[in-house]
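One structure is given below, encoded as structure tokens.
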Amino acid sequence: MSAINRRDLGLCVLRVGTGAVLVAHGAQKLFGWFGGGGLEGTAKAMEAMGYRPGRRNAVAAGLGEAGGGALLMLGLATPAAGAAAAGAMAGAVAVHAPAGFFNQSGGFEYPAFLGFTAAAIGVTGAGRYSLDHATRHRFDQRWMVPAAFLGAALAAAAVVGKRAVEQLEEAADSDRTGD
């Protein structure tokens, strides 16, 4: 039996901790657990924030967080898990950006940290103490890292960009009508 590898153990701790936080956030959105709004409340909030349709965006955010987080915890399909969670956090950063950086004023510090951490794990890999390692990296091939992150980046850019365009159109309509 080999000695415990501290780097792999550290990656495991980081994966499990980050994944657990992401699962909890996703469960708030999807199921209303931990004081969350569930799909109905989250869909209404998404609509109010300019993410339309609200329900589809609520499901996508919840699955990106809960699903990505669960896979990170397990160390399974780590590139896709990290990319999905980072993509979901990119949407959260866009919502919080107008409040500045720091979390205490409602800023984007916390979702940015979760997103960067998930991305770093996705790029680095899950380590030896993971299902990716146990499955001989069947779901963690080299080509999956750029593919997963490119896909997540394109999806996040499309969603955030659509929201920005809709907000600009609403502002222009409001200026025309004098509201």
> With θ set to phi - 60° and the Karplus curve 6.51 cos²θ - 1.76 cosθ + 1.60, what are the ³J(HN,Hα) couplings of the stretch 132-141 in order, to the nearest whole Hz, using x for Gly and Pro?
Replying inline: 4, 5, 5, 9, 6, 6, 4, 10, 9, 7
> By how many nm would the segment from residue 154 to residue 5 grow when fully extended, if each residue of separation counts as 0.36 nm and the alpha-carbon distance is taken off?
Replying inline: 50.0 nm
> Expressed as a whole percentage, what fraction of the accessible surface of the chain belongs to carbon and sulfur atoms when a 1.4 Å probe is rolled over the protein heavy atoms?
Replying inline: 67
> So for the chain, Kirkwood radius off the Cα pairs, Stokes-Einstein at 20 °C and 1.002 mPa s: how many µm² s⁻¹?
Replying inline: 126
> Under a Cβ-Cβ cut-off of 14 Å, what is the net charge of the residues other than residue 58 that fall near it, where Lys and Arg count +1 and Asp and Glu count -1?
Replying inline: +3
> Which whole-number value in Å² is the accessible area per residue of the stretch 1-80, probe 1.4 Å?
Replying inline: 52
> Quick one: helix 144-177 against the long Cα principal axis of the chain, what's the angle to the nearest 10°, folded into 0 to 90?
Replying inline: 10
>> Counting only helical runs of four or more DSSP H residues, what would the 222 nm mean residue ellipticity of the chain come to if each run contributes -39,500 (n - 2.57) and the total is spread over all its residues?
In response: -25000 deg cm²/dmol
> Relative to the longest principal axis of the chain, what angle (0 to 90°, nearest 10) does the C-alpha long axis of helix 6-31 take?
Replying inline: 30
> What is the helix-to-structure angle for 78-96, meaning the angle in degrees between its Cα long axis and the longest Cα principal axis of the chain, kept from 0 to 90 and rounded to the nearest 10?
Replying inline: 30
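The values are calculated or read from the model by the stated rules, or taken from the named source; none is laboratory data. Here the structure is a predicted model, which is why all the values come from computation and not from measurement. When we count neighbours, we look across all protein chains shown, and the Cβ atoms used for this are built from the backbone with ideal geometry, even at glycine. These accessible areas exclude ligands, DNA and RNA; they are computed on the full protein's heavy atoms, side chains included. Shrake-Rupley method; radii C 1.70, N 1.55, O 1.52, S 1.80 Å.
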